[in-house]
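Working notes for the structure below.
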Amino acid sequence: MIRHLAIALLAVATLARCSPAESRTATATPPATASTATGPVRPDPARGEALFRQFVPEARYACVTCHLPNSTQALLGPGLLGVGDGVSPCDPQQDLEDYLQQSILEPDACLTLGFSARLMPAVYAEVYSEQDVDDLVAWMLTLRQRNEAGQ
Ligand code: HEC
């Protein structure tokens, strides 16, 4: 029992190796502009990237701990380079923005080929505002293979 706990803690420690940098980013994440009075604010990909790198206590990880944004190589989750050129593996007709949004809010609704359910935390619907999700999606849409050089 204790040994299992130790192994689990070690795994978490290994996965969390980038967290000091992430928490620094966290403090710097700009607050979303209040949007109630004027309707939705335009999605901000730069803010989305900051959120992607930010440690989320409810999820116990930052997105970037599981996903490389600049590679197709998998960590715990698929590498996201090229996700902005992609299609839903469940419904190629689905709008890409909808699919990316769904991937955050309902991670098990459509699994990426080759990955198991219940690995990606299903907490983001409670943690993130609509603006947060829009910003994350806007940023992921910029992750295209064509822009690979240096990004
Ligand atoms: C603990 C690891 C983990 C964390 C944290 C995590 N994910 Fe995932 N993610 C996965 C796994 C595993 C999959 C593949 C299985 C699935 O579809 O749920 C996945 C799938 C995805 C996909 C679908 C990719 C594709 O090519 O179809 C997107 C998009 C995504 N995650 C974005 C995010 C974002 C944005 C965050 C942070 C808000 C995040 N993930 C946090 C593990 C994680």
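Once you sort the root eigenvalues of the Cα gyration tensor of segment 93-133 as a ≥ b ≥ c, which label holds: rounded (a/c under 1.5), prolate (a/b larger than b/c) or oblate (the other case)? Oblate shape, in that a/c is at least 1.5 and b/c is the bigger or equal ratio. Annotation for segment 45-151: trypsin sites (Lys or Arg not before Pro) lying in DSSP loop with at most 12 further Cβ atoms inside 10 Å of their Cβ are 118.
Once backbone amide H atoms are built at 1.01 Å from N, residue 61 has 56 as its partners under 5 Å, excluding neighbours fewer than 5 places away on the same chain.
Backbone phi angles across segment 48-60, fed through the Karplus curve with coefficients 6.51, -1.76 and 1.60 (θ = phi - 60°), yield HN-Hα couplings of x, 5, 4, 5, 4, 8, 8, 5, 10, x, 4, 9, 6 Hz in residue order; Gly and Pro are listed as x.
Readers should treat all values here as calculations from the given coordinates under stated rules, not as data from a laboratory. If you're wondering where the values come from, they're calculated on a predicted model, not measured in any experiment. Positions of Cβ are generated from backbone atoms using ideal geometry, with glycine treated the same way; all protein chains shown enter the neighbour counts.
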